[in-house]
Amino acid sequence: MRAVTAGLLLIGTGAVGAVPAAADSSPSASPSGDSAAPTSAGTSFRTAAEIDQGQTATASASTGDYLYWSFPADAMQRPTVEAKVKLPAAHASATWQIDVYDGLRRRQACQYGAQTRTAAQDAGSVSLSCTLRTVRAWSEPWADDPLPGTYYVRLTTVGLKAADLGLPVGAEVRVGSKDVGGAAAVDGSLGEPLVPGIAAKAAAEEGEEGEESGAGAVLSSIEPDDGWASGWWSDRWVWTGIGGVLAALAGVGGYA
């Protein structure tokens, strides 16, 4: 796991490579039915708007903007990201795309879903979705498996025509997940979830106990409602216990 730890430290210190440049106009606030959900989007990984699973985030933006949101995903969850873009009355055909990145900013492949869609000229909106692979509690450093931590959603249009650049659009993003349970449990867990800056904060706290030098190091404050499970518990423990009891009873019965 030294490679994963090194990646965390790079994110915490801001040494990760540059992200795609966003358009000059930044997304602005728009009304939302959920007062707790963000009504604007970030324009880079570092400014991504934080959303919890189950919330519907909204944003008003311009065609050509890069819109970023972030959300937490824990072990044994299979996240699904859904996005809807409301298009202006007059526009040319355009292709919209959502990309999902993990805490190390590695692009994660969609297991299924319409990640890229082209909106016709008369379309009023376009809907996208991306279901990731099940998040694993632990993985080999060379693997590209989804791991517990912060995930980033990037929504943008590709192959944009110059005439459509800057047209107003509205975006809605919602994240949910399915709890796969013990079927996806693995032996092992990360020392810390892949939350940007968490390794730098831990190192600062170990080096200077009682001081607040590392208090602002974490770049993401969101986490699952029940905290990070880190893969220590799954329903596999229940079935293992039941199997042990049945084996003991069978042994006693056989002896009798």
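Within region 78-96, how many residues are open to solvent by 20 Å² or more (accessible area, probe 1.4 Å) and part of a strand (DSSP E or B)?
Residues that pass the stated criteria total 6.
State the number of residues belonging to region 114-135 that are open to solvent by 50 Å² or more (accessible area, probe 1.4 Å) and within 17 Å of the chain's Cα centre (by Cα).
So the answer is 1.
Would you call residue 58 touching a strand residue (DSSP E or B) at 6+ places or on another chain (Cβ under 6 Å) and outside any strand (DSSP E or B)? Quick ask: steps written out before the conclusion?
Numbers: touching a strand residue (DSSP E or B) at 6+ places or on another chain (Cβ under 6 Å): yes; outside any strand (DSSP E or B): no.
Criteria not met by residue 58.
Within region 97-107, track down each residue that is open to solvent by 30 Å² or more (accessible area, probe 1.4 Å) and not aliphatic (A, V, I, L, M).
Correct list: 97, 105, 106, 107.
Return the residues of region 112-139 that are outside any loop (DSSP other than H, G, I, E, B) and under 21 Å from residue 194 (Cα atoms); say none if nothing qualifies. Talk me through it step by step, then tell me what you get.
Narrowing region 112-139 to residues outside any loop (DSSP other than H, G, I, E, B): 112, 116-119, 125-132.
Residues satisfying the conditions are 130, 131, 132.
Please work out which one of (1) surrounded by 15 or more Cβ atoms within 10 Å (Cβ to Cβ); (2) touching a strand residue (DSSP E or B) at 6+ places or on another chain (Cβ under 9 Å) is the condition residue 75 fails and give its number.
Among (1) surrounded by 15 or more Cβ atoms within 10 Å (Cβ to Cβ); (2) touching a strand residue (DSSP E or B) at 6+ places or on another chain (Cβ under 9 Å), residue 75 violates only (2).
The values are calculated or read from the model by the stated rules, or taken from the named source; none is laboratory data. Source: prediction; values computed, not measured. Don't worry about glycine lacking a Cβ; one is built from the backbone with ideal geometry, like all the others, and counts go over all protein chains shown. Protein only, heavy atoms only, side chains kept; ligands, DNA and RNA dropped before computing areas. Shrake-Rupley method; radii C 1.70, N 1.55, O 1.52, S 1.80 Å.
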